[in-house]
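The structure appears below as structure tokens.
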Amino acid sequence: MSTGFQRILALPLYGIGDVLMTTPALRNITERLGSKITCLHMFASTKAVLDGNPHITENIHFPFLSASKLAGVRFLLGLRGRFDASINFYPSNRKDYNLAAFLAGAPLRIGHRYREHDLLEMNFLKNRTIREDDGLHNVEEDLRLLGLLGIEEPEPYPLEVYLDEKEREEAAAWLRERRLASSYLIGFHPGSSLFKAHAMKRWPEEKYARLVRLLAKQSGDCRFLLFGGPEEDALKDSLRAATGLPEKVFPVTTAGIRQSAALMQRCRLFITNDSGLMHLAAALQVPTVALFGPTNPRWLRPWKCRSRVLRHESCPSCFRYSPTPQQCTEGGNFACIREVGVEEVLEAALSLAGEELTEEARSSGL
């Protein structure tokens with residue numbers, strides 16, 4: 001198909017979850033316009049989750065955070081003349097992202113205008129925009145941008161991640177080594193990013209520990225995998241100890257996000273804070289219990305997978321897309337996440353679980 005947008009730059013992509021939520025839009029662009037898409041990443045981990053995606057022509061990482069500003073500017077100026085359009089996918093309400101689009105020099109620079117800090121973050125450097133809509137999921141915000149490329153009624157595909165056979169076999173070997181290959185596996189992500197005070201999105205560790213103990217009673221063959229990056233190793237070890245079930249709880253340390261994804265794909269259930277791994281579980285179609293606090297489930301709930309979302313409705317969501325760190329506006333204690341009950345999460349988990357858990361739960365009277 002011949003269009004005026006043969007070459008499109010998506011830049012610079014940010015967190016793992018945000019990147020995964022662009023995949024329905026990327027697929028629509030390729031299928032509807034036949035464009036060649038280059039995705040530019042600040043982080044190696046976000047590049048990794050798009051590796052192997054057939055709807056992307058080029059997937060590159062530049063270390064903007066560790067390189068000098070001059071090196072970053074030179075890199076972006078080197079992209080000039082290569083692209084017909086650039087897209088700052090949602091949310092990208094930071095001046096750095098808008099400057100990157102401006103320096104890369106595509107004649108059409110697409111993105112959003114934001115309710116918070118719009119002028120301060122230089123969103124005017126984009127030259128074709130739409131206003132953000134508080135009523136929409138982030139995937140829907142990304143799909144709305146495609147109207148600026150002439151794509152009407154884009155298909156709301158599920159999130160996508162593409163693993164290869166070697167990665168799946170390595171995961172199977174990891175499980176065999178620990179005698180877990182035939183176990184009913186439940187994955188947990190008890191952590192979160194620390195960026196902009198996002199540690200406040202975490203459900204309390206002691207509640208995770210109690211939940212593990214309750215779930216362990218449902219099935220003697222149930223085993224628990226604790227996921228998270230290297231910066232969360234201490235949290236995973238502490239949680240394992242707090243459960244009192246070290247023989248059933250296994251912290252996961254892998255070489256990278258794709259190896260973790262291959263293990264997550266083997267889980268029958270995933271229980272997680274609002275995090276990038278929550279969206280990765282959705283992309284892998286693992287049934288997911290998602291625990292929300294200050295962020296808004298309307299924007300960020302697991303997209304198009306079997307899921308249950310829990311949030312204590314003690315106050316409205318206070319998170320906004322701006323560079324400002326997260327702050328609790330209702331007493332400072334983040335009751336929205338801290339007051340989610342263990343029994344609530346157990347009930348949600350059992351409602352999504354397979355027969356191995358639900359049958360035993362019925363017989364025990366839960």
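The values are calculated or read from the model by the stated rules, or taken from the named source; none is laboratory data. Everything numeric in this text was worked out from a predicted model, so none of it was measured. All Cβ positions, even for glycine, are placed from backbone atoms using ideal geometry, and neighbour counts span all protein chains on display. Accessible surface is based on the protein model in full, side chains and every heavy atom, while ligands, DNA and RNA are left aside. Shrake-Rupley method; radii C 1.70, N 1.55, O 1.52, S 1.80 Å.
For ILE271, enumerate residues with amide H under 5 Å from its amide H, sequence gap 5+ or separate chain, H modeled in the peptide plane.
Correct list: GLY187, PHE188, HIS189, VAL289.
Around LYS126, under 13 Å between beta carbons, what's the net of Lys plus Arg minus Asp minus Glu among the other residues?
+3
From largest accessible area down, sort ASP118, ASP96; use a 1.4 Å probe on the protein chains.
ASP96, ASP118
Please calculate the 1.4 Å probe accessible area of VAL73, with all protein chains present, and give it to the nearest 10 Å².
Counting only protein heavy atoms, VAL73 exposes about 60 Å² to solvent.
Normalising by the residue count of the stretch 44-103, find the relative contact order in percent from Cα pairs under 8 Å and 6+ residues apart.
With pairs under 8 Å counted, the relative contact order is 26 percent.
Using the charge dipole of the chain (Lys, Arg: +1 at Cβ; Asp, Glu: -1 at Cβ; taken about the Cα centre), state which of THR253, PRO12, LEU145 has its Cα farthest towards the positive end.
Projecting each Cα onto the dipole axis, the largest value belongs to PRO12.
Among ILE37, TRP203, PRO302, whose Cα projects farthest towards the positive end of the dipole of the chain, with charges put on the beta-carbon of Lys, Arg (+1) and Asp, Glu (-1)?
The one lying farthest along the dipole's positive direction is ILE37.
Leaving ligands and nucleic acids out of the surface, order ARG306, ARG178, ARG27 by accessible area at 1.4 Å, largest first.
ARG306, ARG178, ARG27
Can you tell me the relative contact order of the stretch 70-153? Whole percent, Cα pairs under 8 Å, sequence separation 6 or more.
27
Taking a probe of 1.4 angstrom, what is the accessible area of GLU165 in Å², to the nearest 10?
That residue has around 120 Å² of solvent-accessible surface.
Given the whole protein assembly as supplied and a 1.4 Å probe, what does the accessible area of SER351 come to in Å², nearest 10?
SER351 exposes around 60 Å² with every protein chain in place.
From the helices alone, meaning DSSP H stretches of at least four residues, give me the mean residue ellipticity at 222 nm for the chain, per-run term -39500 (n - 2.57), in deg cm²/dmol to the nearest 500.
About -10000 deg cm²/dmol.
Which lysines, if any, have their Cα less than 23 Å from the Cα of LYS236, not counting same-chain residues under 8 positions apart?
Output for LYS236: LYS196, LYS201, LYS207, LYS217, LYS248.
Using the Karplus curve 6.51 cos²θ - 1.76 cosθ + 1.60 with θ = phi - 60°, what ³J(HN,Hα) values do you get for each residue of the stretch 251-265, in whole Hz, with x for Gly and Pro?
After applying 6.51 cos²θ - 1.76 cosθ + 1.60, I find x, 9, 10, 10, 6, x, 5, 5, 5, 4, 4, 5, 6, 4, 5 Hz.
Size of the dipole of the chain about the Cα centre, Lys and Arg at +1 and Asp and Glu at -1 on the beta carbon, nothing else charged, in debye to 20?
Approximately 740 debye in magnitude.
Angle check, please: helix 342-352 long axis (alpha carbons) against the longest principal axis of the chain (alpha carbons), in degrees 0 to 90, nearest 10.
80
What does the accessible area per residue of the chain come to in Å², with a 1.4 Å probe and no ligands, DNA or RNA counted?
The answer is 42 Å² per residue.
Report, to the nearest whole %, how much of the accessible area of the chain belongs to carbon and sulfur atoms, 1.4 Å probe, protein only.
C and S fraction of accessible area: 51 percent.
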